[in-house]
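Colleague: Supplied in structure tokens, the structure appears directly below.
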Amino acid sequence: MNGKIVKAVQRFFDVGQLPQRADCIFVFAGRQERKVHGLQLYKAGYASRIVFSVGRFEWRKFPELGLENDGGLVDGVQETPPRKRHFFVDIEGNRATCSLIRKGMFGTMSEAAALCRLAGKENLRSLLIVSSSYHLRRCLECVEGFCSDAALKIIPVAAPPERPLPSQPDVGALVGEGIKYLLYKLLV
């Protein structure tokens with residue numbers, strides 16, 4: 001594939017902005033570097049609250065974040081069959097809670113729907129969402145699609161990759177993300 005086309009596709013997916021102060025930081029499930037970056041933003045004072053989305057097997061790496069409290073994540077994992085495991089760990093100050101979210105066929109869509117329910121219930125006015133650069137556009141589309149409050153400000157922030165990026169982009173991964181994006185666009 002032509003290098004210029006690949007770079008244009010990469011730029012299309014990466015809608016990341018510089019972080020801004022928000023009511024809450026939300027970290028999409030997936031790569032550990034997302035959680036690490038979200039936690040760094042939280043500790044830097046970009047929000048007084050952070051919500052981590054923790055997928056089926058990700059709970060195993062959650063202790064590596066060094067948080068004082070997992071909000072009951074380990075207990076939730078033990079009580080939940082693996083195929084239904086998807087949690088939000090919500091931290092604000094000394095308070096940490098863990099809640100099971102409804103997991104649908106599409107993970108990012110399930111996370112966004114649960115996040116928007118939370119935002120509505122808690123009257124959040126701004127969300128700083130964190131994910132990988134290639135995943136951000138799909139996250140943003142889902143959150144904007146499920147959050148009906150037009151006054152909600154959404155700030156997408158890309159987590160830096162854990163390892164240096166390869167010199168040649170993974171064209172297969174970009175094509176896969178493009179297919180997912182189009183599918184989600186039709187469903188949201």
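Colleague: Among the residues of segment 22-54, write down those that are in a helix (DSSP H, G or I) and of a type in the set (Gly, Ala, Ser).
Modeller: 38
Here is a yes/no grid of residues against (1) under 17 Å from residue 49 (Cβ atoms); (2) of a type in the set (A, V, I, L, M, F, W, C); (3) assigned to a strand (DSSP E or B):
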site: 98; (1), (2), (3): yes, yes, yes
site: 109; (1), (2), (3): no, yes, no
site: 114; (1), (2), (3): yes, yes, no
site: 120; (1), (2), (3): yes, no, no
site: 130; (1), (2), (3): yes, yes, yes
site: 139; (1), (2), (3): no, yes, no
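Colleague: Suppose we filter segment 55-95 for residues that are assigned to a strand (DSSP E or B), under 18 Å from the mean Cα position of the chain (by Cα) and without any contact (Cβ under 8 Å) to a residue 40 or more places away in the chain; how many remain?
Modeller: Going through segment 55-95 one residue at a time, the tally reaches 3.
Colleague: Any residue in segment 48-55 that is surrounded by fewer than 19 Cβ atoms within 10 Å (Cβ to Cβ) and closer than 24 Å to residue 161 by Cβ?
Modeller: yes
Colleague: Within segment 12-20, identify whether any single residue is modelled with pLDDT of 90 or more and part of a helix (DSSP H, G or I), and answer yes or no.
Modeller: no
Colleague: Where the second residue is among the polar types (S, T, N, Q) and surrounded by fewer than 24 Cβ atoms within 10 Å (Cβ to Cβ) and the first is touching a residue at least 24 places away in the same chain (Cβ under 8 Å) and lies in segment 125-140, which pairs have Cβ atoms under 9 Å and are six or more apart or on separate chains?
Modeller: Partner pairs satisfying both residue conditions: 126/20; 128/20; 131/108; 133/10; 134/10; 135/108; 138/108; 139/108.
Colleague: What is the residue count in segment 37-53 for residues that are in contact with an Asp or Glu (Cβ under 8 Å, 6 or more places away or on another chain) and more than 16 Å from residue 127 (Cβ to Cβ)?
Modeller: 0
Residue by residue, here is whether (1) surrounded by fewer than 23 Cβ atoms within 10 Å (Cβ to Cβ); (2) on the phi > 0 side of the Ramachandran plot; (3) in contact with an Asp or Glu (Cβ under 9 Å, 6 or more places away or on another chain); (4) not acidic (Asp, Glu) holds:
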site	(1), (2), (3), (4)
106	yes, no, no, yes
112	no, no, yes, yes
122	yes, no, yes, no
151	yes, no, no, yes
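Colleague: Which of the residues spanning segment 56-71 are within 12 Å of residue 96 (Cβ to Cβ) and surrounded by 16 or more Cβ atoms within 10 Å (Cβ to Cβ)?
Modeller: 62, 67, 70, 71 - these are the residues of segment 56-71 that are within 12 Å of residue 96 (Cβ to Cβ) and surrounded by 16 or more Cβ atoms within 10 Å (Cβ to Cβ).
Colleague: Since residue 49 meets every condition but one in (1) over 18 Å from residue 111 (Cβ atoms); (2) in contact with a Cys (Cβ under 6 Å, 6 or more places away or on another chain), which condition does it not meet?
Modeller: (1) is the only condition that residue 49 fails.
The values are calculated or read from the model by the stated rules, or taken from the named source; none is laboratory data. Note that this is a predicted model, so its numbers are computed, not measured. Using ideal geometry, Cβ is built from the backbone for each residue, glycine included, and neighbour counts are taken over all protein chains shown.
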